[in-house]
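Enquirer: Got a structure for you, questions after.
The values are calculated or read from the model by the stated rules, or taken from the named source; none is laboratory data. Remember, it's a predicted structure, so these values are computed and weren't measured experimentally. Please note: Cβ atoms are built from the backbone with ideal geometry, for glycine as well, and neighbour counts cover all protein chains shown.
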C-alpha cells in the first residue's frame, strides 16, 4: 500500500505513480491537498486506486485502506496462530499454552496478532 501526495519535493506524485505502475500493482491512494477534478482524473488515469483530499476523515482513509488491501491481497482466513507451543485462537480470543487457556481482551488479542506477524 502506498499513500502518495501529488506535490512532492523532487518529482510529483503523478510521475511516481506512473513509474510504480510500470512494474507493480500495489494499491496506491493519493492523499493530497490538490482538489481539482483534473487532479482526481489524472490520479485515476495514471493508476491510482483512490483519491482523498486533505483534510481528510481518518475513518474514511482507514476504510479505503482496508478495502484496497483486501481486494489486492485476498487472505486465506486463518483461525489459529502458533508459536513455540502457544496457540492463539483468533475466532474465540483465547490463548492456549501448556494445556492452559486464558481469555484475552480485544487489545491483548490485537497486540498478540501484531507480534505474531512480526515474528
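Enquirer: Of the numbered conditions (1) assigned to a loop (DSSP other than H, G, I, E, B); (2) in contact with a strand residue (DSSP E or B) (Cβ under 7 Å, 6 or more places away or on another chain), residue 74 satisfies every one except a single condition; which is it?
Expert: Evaluating residue 74 over (1) assigned to a loop (DSSP other than H, G, I, E, B); (2) in contact with a strand residue (DSSP E or B) (Cβ under 7 Å, 6 or more places away or on another chain) leaves (2) as the failure.
Enquirer: What's the number of the only condition in (1) at pLDDT 85 or above; (2) closer than 28 Å to residue 3 by Cα; (3) surrounded by 10 or more Cβ atoms within 10 Å (Cβ to Cβ) that residue 104 fails to meet?
Expert: Here residue 104 meets the rest and fails (2).
Enquirer: Which members of the stretch 11-23 meet the condition of being surrounded by fewer than 19 Cβ atoms within 10 Å (Cβ to Cβ) and either at positive phi or touching a strand residue (DSSP E or B) at 6+ places or on another chain (Cβ under 9 Å) (or both)?
Expert: Residues satisfying the conditions are 16, 20, 21.
Residues checked against (1) in contact (Cβ under 8 Å) with a residue 12 or more places away in the chain; (2) crowded, with 16+ Cβ neighbours inside 10 Å; (3) touching a strand residue (DSSP E or B) at 6+ places or on another chain (Cβ under 8 Å); (4) under 15 Å from residue 3 (Cα atoms):
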position: 42; (1), (2), (3), (4): yes, yes, no, no
position: 45; (1), (2), (3), (4): no, no, no, no
position: 58; (1), (2), (3), (4): no, no, no, yes
position: 64; (1), (2), (3), (4): yes, yes, yes, yes
position: 70; (1), (2), (3), (4): no, no, no, no
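Enquirer: I'm told residue 115 meets every condition in (1) surrounded by 12 or more Cβ atoms within 10 Å (Cβ to Cβ); (2) at pLDDT 85 or above; (3) out of contact with any helix residue (DSSP H, G or I) (no Cβ under 9 Å at 6 or more places or on another chain) except one. Can you identify the failing condition by its number?
Expert: Residue 115 satisfies every listed condition except (2).
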